[in-house]
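> Following this message is one structure expressed as structure tokens.
The values are calculated or read from the model by the stated rules, or taken from the named source; none is laboratory data. It should be emphasised that the depicted structure is a prediction, and the values quoted were computed from it without experimental measurement. Heads up, the Cβs are rebuilt from the backbone with ideal geometry, glycines too, and the neighbour counts pull from every protein chain shown.
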């Protein structure tokens with residue numbers, strides 16, 4: 001009887017966890033997963049279980065710390081930037097959890113992000129697109145302070161000016177610095193600190209699951225942002241540990257050709 005009780009027991013696992021992670025990264029509706037992946041019911045069950053355990057946030061925090069150490073910095077961040085991005089909601093999103101963003105002319109949801117100085121996501125809050133950036137920032141900065149006691153400085157655009165600045169200083173002991181656009185400049189100008197979070201939005205839009213909101217619940221969309229961040233940090237960490245520049249996806253790396261050699265080739 002003692003021999004029979006050895007081992008964890010239970011039914012052996014049928015699905016490869018790496019395949020489940022690839023199904024998450026594939027970024028498509030669960031019911032439309034190709035047959036190369038595990039059944040969508042199994043993949044969704046794993047995601048539900050991992051999200052309930054807080055696994056995406058824990059993985060993101062560990063990978064972020066390793067990246068900061070690889071860059072010769074402390075493991076925990078001390079400053080960050082905040083901003084928001086509105087995305088269109090799919091038909092599966094309930095009307096009660098979405099709204100209309102009059103500024104961007106988008107009917108859907110809005111993700112409020114807090115990122116570090118490398119552009120890595122620290123905290124994410126998803127609300128209806130009708131929620132003003134400043135109102136969403138109250139909850140976002142509260143979550144940021146709860147998770148990272150080392151944060152002392154946050155940059156934001158002029159949309160966050162007003163009572164939020166004094167509230168953050170008094171309640172959360174944070175310094176919220178507003179980066180304003182200069183009236184003397186014309187056209188597109190890269191603003192200090194604000195470009196970091198804008199680049200993060202560009203990274204996230206490379207994932208089909210985040211181009212629009214297909215999630216019925218806002219917390220599921222928050223988890224998808226973290227899963228995309230995990231994929232981004234995993235690639236960055238792999239490049240850092242290899243110590244070599246990334247190889248091209250196809251073919252061999254191109255060799256640099258000097259101007260005289262280029263002219264000779266064109267003449268020939």
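> Residue check: is residue 62 farther than 24 Å from residue 137 by Cβ, over 20 Å from the mean Cα position of the chain (by Cα) and surrounded by fewer than 16 Cβ atoms within 10 Å (Cβ to Cβ)?
So residue 62 fails the test.
> Further, regarding this structure: Quick one: residue 112 ticks every box in (1) under 17 Å from residue 202 (Cα atoms); (2) crowded, with 22+ Cβ neighbours inside 10 Å; (3) touching a residue at least 40 places away in the same chain (Cβ under 8 Å) except a single one, so which number is it?
(3)
> Quick check on this structure: which one of 89, 79 is under 21 Å from residue 141 (Cα atoms) and either without any contact (Cβ under 8 Å) to a residue 24 or more places away in the chain or touching a strand residue (DSSP E or B) at 6+ places or on another chain (Cβ under 6 Å) (or both)? If you could, list the steps in order and put the result at the bottom.
Details: 89 fails: under 21 Å from residue 141 (Cα atoms).
After ruling out the rest, the residue left standing is 79.
> Still on this structure, please answer the following. Is one or more of the residues making up the range 138-158 more than 28 Å from residue 59 (Cβ to Cβ), at pLDDT below 95 and over 20 Å from the mean Cα position of the chain (by Cα)?
Step one: of the range 138-158, the residues more than 28 Å from residue 59 (Cβ to Cβ) are 157-158.
Checking which are at pLDDT below 95 leaves us with 157-158.
Within this subset, residues satisfying the condition of being over 20 Å from the mean Cα position of the chain (by Cα) are 158.
Within the range 138-158, one or more residues are more than 28 Å from residue 59 (Cβ to Cβ), at pLDDT below 95 and over 20 Å from the mean Cα position of the chain (by Cα).
> So, one more: Sort out which residues of the range 160-191 are surrounded by 15 or more Cβ atoms within 10 Å (Cβ to Cβ), at pLDDT 90 or above and outside any strand (DSSP E or B), and write them in order of number.
160, 164, 165, 167, 168, 172, 174
> Another question about this same structure. Being more than 21 Å from residue 79 (Cβ to Cβ), more than 13 Å from the chain's Cα centre (by Cα), outside any helix (DSSP H, G or I) and modelled with pLDDT under 95 is the requirement here; does residue 235 meet it?
no
> If I filter the range 101-109 for residues that are touching a helix residue (DSSP H, G or I) at 6+ places or on another chain (Cβ under 7 Å), closer than 30 Å to residue 134 by Cα and surrounded by 16 or more Cβ atoms within 10 Å (Cβ to Cβ), do I get at least one hit?
So far as the range 101-109 goes, yes, one or more of its residues are touching a helix residue (DSSP H, G or I) at 6+ places or on another chain (Cβ under 7 Å), closer than 30 Å to residue 134 by Cα and surrounded by 16 or more Cβ atoms within 10 Å (Cβ to Cβ).
> Would you point out the residue of the range 25-43, among those that are in a helix (DSSP H, G or I), closer than 18 Å to residue 230 by Cβ and at pLDDT below 90, that is nearest to the chain's Cα centre (by Cα)?
25
> For the range 209-219, what are the residues that are surrounded by fewer than 17 Cβ atoms within 10 Å (Cβ to Cβ), touching a helix residue (DSSP H, G or I) at 6+ places or on another chain (Cβ under 8 Å) and assigned to a helix (DSSP H, G or I)?
If the condition is that a residue be surrounded by fewer than 17 Cβ atoms within 10 Å (Cβ to Cβ), touching a helix residue (DSSP H, G or I) at 6+ places or on another chain (Cβ under 8 Å) and assigned to a helix (DSSP H, G or I), then 219 is the only one that fits.
> Considering only residues that are in a loop (DSSP other than H, G, I, E, B) and surrounded by fewer than 24 Cβ atoms within 10 Å (Cβ to Cβ), which ones fall in the range 115-129?
Initially, the range 115-129 is screened for residues in a loop (DSSP other than H, G, I, E, B), giving 117-120, 129.
Listed by number, the residues that qualify are 117, 118, 119, 120.
> Any residue in the range 157-175 that is at negative phi sitting within a Cβ distance under 8 Å of a residue that is surrounded by 17 or more Cβ atoms within 10 Å (Cβ to Cβ) and in a loop (DSSP other than H, G, I, E, B)? List the pairs, counting only those 6 or more apart or interchain.
Pairs found: 168/174; 174/151.
> Which residues, counting only those in the range 25-49, are touching a helix residue (DSSP H, G or I) at 6+ places or on another chain (Cβ under 7 Å) and closer than 19 Å to residue 13 by Cα? Show your work before the answer.
If we filter the range 25-49 for residues that are touching a helix residue (DSSP H, G or I) at 6+ places or on another chain (Cβ under 7 Å), which is where we start, we get 25, 27-28, 30-31, 33, 37-38, 40, 43-44, 46-47.
Residues satisfying the conditions are 37, 38, 40, 43, 44, 46, 47.
> Hey, another quick one. So is residue 56 within 21 Å of residue 205 (Cα to Cα), crowded, with 17+ Cβ neighbours inside 10 Å and touching a helix residue (DSSP H, G or I) at 6+ places or on another chain (Cβ under 8 Å) or not?
Numbers: within 21 Å of residue 205 (Cα to Cα): yes; crowded, with 17+ Cβ neighbours inside 10 Å: yes; touching a helix residue (DSSP H, G or I) at 6+ places or on another chain (Cβ under 8 Å): yes.
Here the answer is yes, as residue 56 does meet what is asked.
> I've got another one for you. Looking at residue 260, is it modelled with pLDDT under 90, more than 19 Å from residue 22 (Cα to Cα) and either touching a strand residue (DSSP E or B) at 6+ places or on another chain (Cβ under 9 Å) or not in a helix (DSSP H, G or I) (or both)?
Judged against the criteria, residue 260 is not a match.
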